[in-house]
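Data block below; observations after.
The values are calculated or read from the model by the stated rules, or taken from the named source; none is laboratory data. Note that the structure is a prediction, hence the values are computed from the model and not measured. Neighbour counts are summed over all protein chains in view; Cβ atoms, including those assigned to glycine, are modelled from backbone coordinates with ideal geometry.
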Amino acid sequence: MRRLLFLVALAGLAFAYTDSALEINATVDANGNAHVIEKSIFTLDNPEEVQNFEHYLLQGSTLPSDWKRFSNNIQYHFGRGAEGGVSNLRVIAAREFGYGYTAASVSMEYDFSNLFLREKVNERVVRYVLDNRQLSFGSSDELKLNSGQSLSMRLPTEALNVVVAPAGGAERDRYNEVIWTGPLVGRWDVSFETEKSLSQEVTEFFIGAYKSASESYLWLVVLAFLAVAAFKYAKLHE
């Protein structure tokens, strides 16, 4: 019995770590997609964990599931843990000696599609609204950050009429960046608009008109060819 308890205690010791920080940065493009970087920083609390981390590091493990044993923060925080909207994933692990001799980090860098939903306002203006269903912070449709955790969302430079509601709990700067810092929990609605310039609208109109004219011209050529063929066929059978 004592031997069993000793082995259980040893197994728990071998997976000892302490989460220190989680930094999530999402850069949103003009189509509502995002480039995401999630960096989890933690300390390895015994020599066995340091050796295990070094082993995975030398092995070149590239899957989040390979590293999750070292921190609960190593997971997708967009898409509710599913990889449906995730592409171009890169996993980067490193020692963080600047934080301490036993500190380490795992960063997940990926693209996430349709983080913002698209709503057409008029021919020139499109509104993008944050899809809160894509948030995966442990609480349904909510943003939940513990102490030492932060989320920054940089909106497009051309974004207009940026709205963050409620305003409390979220910091904004003049570069269209919204920052949440834990501990906090709540639901925030984020939206912005993009507007086509008049020159862009005119250019798209003429391009569309040219394509329509080209397609119409092609059909006229086909119809003319068929008419000539039909006329010749009729002549041969007179």
Check on V129, exposed (fewer than 14 other Cβ atoms within 10 Å of the Cβ) and touching a residue at least 24 places away in the same chain (Cβ under 8 Å): no
Kindly list the number of the only condition in (1) under 22 Å from R118 (Cβ atoms); (2) in a loop (DSSP other than H, G, I, E, B) that fails for F137. (1)
Looking at region 88-102, I want the residues that are assigned by TED's automatic domain parsing to the domain that holds S61 and have a partner that is among the β-branched types (V, I, T) and assigned to a strand (DSSP E or B) with Cβ atoms under 7 Å, at least 6 apart or on another chain. Which pairs are those? V91/V106; A93/V106; E96/I41; Y99/I41; G100/T43; T102/T43
How many residues are at pLDDT below 95 and buried (at least 16 other Cβ atoms within 10 Å of the Cβ) if we restrict to region 92-101? 0
Sole exception among (1) at pLDDT below 90; (2) crowded, with 16+ Cβ neighbours inside 10 Å; (3) closer than 17 Å to G32 by Cα for K196, by number: (2)
Any residue in region 112-128 that is aromatic (F, W, Y), closer than 24 Å to T62 by Cα and either in contact with a Pro (Cβ under 9 Å, 6 or more places away or on another chain) or not in a loop (DSSP other than H, G, I, E, B) (or both)? yes
Can you find even one residue in region 54-73 that is among the small types (G, A, S), closer than 25 Å to S113 by Cβ and either at pLDDT below 95 or not in a strand (DSSP E or B) (or both)? yes
